[in-house]
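Taking it in order: structure first as structure tokens, then the write-up.
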Amino acid sequence: MIQVKASTGLVALLGHPVQHSLSPLMHNAAFAAGGQNLVYLAFDVKPGDLAAALAGLKALGFRGANVTVPHKEAIIPYLDAVDPVAARIGAVNTIVNEDRCLKGYNTDGSGFLRSLEEAGFDPAGKRAVILGAGGAARAVAFALATAGCGSLVLANRTPERATELAGALAGAGLPAPVVYRLGDAGMRSEVETADLVLNTTSLGMWPRVEETPLPPDWFRPGQWVYDLVYNPLETKFLAGARRRGCRVISGLDMLLYQGAAAFTLWTGREAPVAVMDRVLREAMGASSGGPAAGR
Ligand code: ATR
């Protein structure tokens, strides 16, 4: 337990809504375990109040912040500086306050890559299929390009968004991604031949746990299947993949490692990932079938 003193520093979560976020639990446990004199608090900030909230972080000397839905993109114009990786992705999920200069970073992409590395998957030269084309898909697609992924297929309910993302990836060192409408029959052979299949859509998230972006018989035994949804921990998508003999990764790993990277940005220290992982899994166990969600 952190002892809050006059000297205790503050880190904020800015989102709307934020009440079900697991980040306060994860980061306060990490600060306590890492001996950091910091406290993490969640703030429900409406879009119209974003500029005022940032002025408040500066005036009150916050160490930094996380940014979540719906502010990750809208916050960029209000920051004093933006890390080039975050600028390329077009989204910020972490802010560091250096002497009243608020600098934005994106740890979703780096956290995602670390989760792959920890699981034992190296994206270099591999074929990946990304389902979805929203903010999470963008961070993941740029991260895979950075890691030398061999080819990308993008599939989205609204194919125009996937085409737009494919255009944004031009120059990122990948062959031009092939785009499909989610569920198109032509996708089946792409899924079957992929090394990694990733769900970045919200399909299957509690309470609509019966939804899944793909029929499980499209999976090939031995391939890697990753669902960014972590509530439930094993979605219908992941359960189907596991039954087909795929290696599966849950979205809790990305939540963990984006948090670990943010911890390092605020403190300059390695994050206590074992503690953070335990706290997250305990919280998910306690709220299984409940509304734990968001960053
Ligand atoms: P995030 O930041 O989590 O990526 P987002 O930017 O709102 O959130 O993107 C949500 C993704 O889930 C999108 O790819 C969205 O598809 P559209 O671009 O067509 O909206 C996808 N998605 C959400 N609900 C869906 C549904 N019922 N069926 C299929 N795709 C869905």
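Relative to the Cα centre, the charge distribution of the chain, modelled as +1 at Lys and Arg Cβ and -1 at Asp and Glu Cβ, gives a dipole magnitude of about 160 debye.
Computed from phi, the 3J(HN,Hα) profile of the stretch 222-229 under the Karplus parametrisation 6.51, -1.76, 1.60 (θ = phi - 60°) reads x, 6, 9, 10, 10, 10, 6, 5 Hz, with x in place of Gly and Pro.
The phi torsions of the stretch 107-123, fed into the Karplus equation with coefficients 6.51, -1.76 and 1.60 and a -60° offset, translate into couplings of 9, 5, x, 5, x, 4, 4, 5, 4, 5, 4, 4, 7, x, 10, 9, x Hz, rounded to whole numbers, with Gly and Pro shown as x. Here the Karplus curve 6.51 cos²θ - 1.76 cosθ + 1.60, taken at θ = phi - 60°, turns the phi angles of the stretch 160-176 into couplings of 4, 5, 5, 5, 4, 5, 4, x, 5, 7, 4, x, 8, x, 10, x, 4 Hz, with x standing for Gly and Pro. Counting only DSSP beta bridges with both residues in the chain, the antiparallel share comes to about 20 percent.
Semi-axes of the equivalent ellipsoid for the stretch 121-199, computed as √(5λ) from the eigenvalues of its C-alpha gyration tensor and ordered from largest down, come to 17, 15, 10 Å.
Multiply the residue separation of LEU25 and LEU265 by 0.36 nm, subtract the distance between their alpha-carbon atoms, and state the gained length in nm to one decimal. Please report the intermediate quantities before stating the final value.
Details: separation 240, 0.36 × 240 = 86.40 nm, distance 1.82 nm.
Between LEU25 and LEU265, full extension yields 84.6 nm more.
Once you list every other residue whose beta carbon is under 14 Å from the beta carbon of ALA194, what net charge do they have if Lys and Arg are +1 and Asp and Glu are -1? Walk me through the numbers before you get to the answer.
Details: positive: LYS126, ARG127, ARG188, ARG220, ARG244, ARG247; negative: GLU190, GLU192, ASP195.
Every neighbour counted, the sum reads +3.
Relative contact order of the chain, please, whole-number percent, based on alpha carbon pairs below 8 angstrom and at least 6 residues apart. Worked out over the chain, it gives 18 percent.
Let me check against my output: what whole-number percent is the relative contact order of the stretch 1-123, with C-alpha pairs under 8 Å and at least 6 apart?
Working: 191 pairs, mean separation 28.5, N = 123.
Averaging sequence separation for qualifying contacts and normalising by length gives 23 percent for the stretch 1-123.
State the antiparallel share, in %, of DSSP beta bridges confined to the stretch 103-215, rounding to the nearest 5. If we restrict to bridges inside the stretch 103-215, about 5 percent are antiparallel. Calculated mean residue ellipticity at 222 nm for the chain: -11000 deg cm²/dmol, from DSSP H runs with n ≥ 4 weighted as -39500 (n - 2.57), summed, divided by the residue count and rounded to 500. Close amide H partners of VAL248, meaning residues 5 or more places away or on another chain with modelled amide H under 5 Å apart, are VAL225. Legend: residues TRP206, TRP266, sorted from most to least accessible area (1.4 Å probe; ligands, DNA and RNA excluded), read TRP206, TRP266.
With both bridge residues required to lie in the stretch 28-186, what share of the DSSP beta bridges run antiparallel, to the nearest 5%? Mind dumping the intermediate values first?
Values: 9 of 20 bridges.
Here the antiparallel bridges make up roughly 45 percent for the stretch 28-186.
Summary of packing: across the peptides 120-131, 250-261, the per-residue average of other C-beta atoms within 10 Å ranks them, highest first, as 250-261, 120-131. Note on LYS5: lysines with a C-alpha under 22 Å away, same-chain residues under 8 apart excluded, are LYS58. With a cut-off of 10 Å between beta carbons, the residues surrounding ARG100 carry a summed charge of -2, where Lys and Arg count +1 and Asp and Glu -1. Of all the options CYS149, CYS101, CYS246, the one that moves most in a Gaussian network model of the chain with Cα springs shorter than 10 angstrom is CYS101. Here HIS20 sits with roughly 80 square angstrom of accessible surface, probe radius 1.4 Å.
Apply the a/c threshold of 1.5 to the C-alpha gyration tensor of the stretch 137-295 and tell me whether it is rounded, prolate or oblate. Oblate, since a/c reaches 1.5 and b/c is not below a/b. Positive contributions from Lys and Arg (+1) and negative ones from Asp and Glu (-1), summed over other residues with Cβ under 13 Å from the Cβ of GLY268, come out at 0.
Looking at the chain, what % of the alpha carbon pairs are farther apart than 35 Å?
On the way: 7233 of 43365 pairs.
Result: 17 percent of Cα pairs exceed 35 Å.
Between the alpha-carbon centres of the stretch 1-49 and the stretch 85-154 there is a gap of 23 Å.
The values are calculated or read from the model by the stated rules, or taken from the named source; none is laboratory data. Source: prediction; values computed, not measured. We place every Cβ from the backbone using ideal geometry, glycine too, and count neighbours over all the protein chains shown. Each accessible area value is taken on the protein alone, full model and side chains, heavy atoms only, with ligands, DNA and RNA left out. Shrake-Rupley method; radii C 1.70, N 1.55, O 1.52, S 1.80 Å.
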